[in-house]
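J.: Encoded as structure tokens, here's the structure I'll be asking about.
What follows is calculated from the coordinates using simple rules that are stated; it is not laboratory data. Note that this is a predicted model, so its numbers are computed, not measured. Heads up, the Cβs are rebuilt from the backbone with ideal geometry, glycines too, and the neighbour counts pull from every protein chain shown.
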Amino acid sequence: MGPRGPVTAATFARRVQFRDVLWFAGALVVPAVVGVAGLLAAAALGVLGQRGFLIWFLPVAALLSGLATWLVARRRGWGWRDLGLVRGRRSPWHLAWEVPVAWLVAVVPAIAVASAIGLQPSARSDTATQEAIRFGPPASMVLTVLAVAVVVPLLEEVVFRRMLYGWLEGWAGWPVAVVGSTLCFAAAHGIPVVMVIVGAVGLAAAVLVRVHRSLWPGLVLHSANNLLVAVLVLAGLR
């Protein structure tokens, strides 16, 4: 059988095994849970108050998950190219219009749908971000913005748009990978209104990743979306 054509060719060069998905998902989740547990214990002992916990848990969780992901990548031999952080098939200049258009086409209708069916963000849905950005010291504000707009999008793109997407694509093809990774990405965020909007972000990111054969476009979209949320919180609009 000859090589697959451009339509059916694999999105990424290195195939993903299911244990890769488990390793990288564990690196994202387990250290974050441990970090949050540690901060909760500190809060219970009076070292941190409730506000202190809310201010610092995002930076701490992101730092620990980032370190664990780096260690897993090294242990399993995943370099930058293997992770999909390569120049895509299309010019990077395409991202200047493709990312905004993808965001508008996917997220704006999702916001409208969520509003139409009565899903509204709760007052607690982004409490930690609000506390850290609006009320925390400058260090926590900077670290939280970096976590929200850079570290968390990178880690989530690796897990959902590289590992899970790559495994599903090898198993059932890229359309299943796009839909499956999007549904899992949405479900991981728990809150219904967030799931709808985040699912739209995930769908747009997955399509961009497929078109470009690179993780960068999805990461740019994801980071830009999260940075917008952080700016809105900082401006007091949420």
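J.: Ranked highest first by average number of other Cβ atoms within 10 Å, how do 174-183, 13-22, 212-221 line up?
T.: Result, highest mean Cβ count within 10 Å first: 212-221, 174-183, 13-22.
J.: Show me 32-43, 152-163 ranked by packing, highest mean number of other Cβ atoms within 10 Å first.
T.: Packing proxy ranking, top to bottom: 152-163, 32-43.
J.: Any chance you could list P(r) for the chain, counting all Cα-Cα pairs in 10 angstrom bins from zero, rounded to whole %?
T.: Using 10 Å bins, I get a P(r) of 8, 30, 35, 21, 5, 1, 0 for the chain.
J.: Over the chain, what relative contact order in percent results from Cα pairs under 8 Å that are six or more residues apart?
T.: The value is 29 percent.
J.: Let me have the 222 nm mean residue ellipticity of the chain computed from DSSP H runs of 4+ only, each contributing -39500 (n - 2.57), with the sum over all residues rounded to the nearest 500.
T.: For the chain, the value works out to -21500 deg cm²/dmol.
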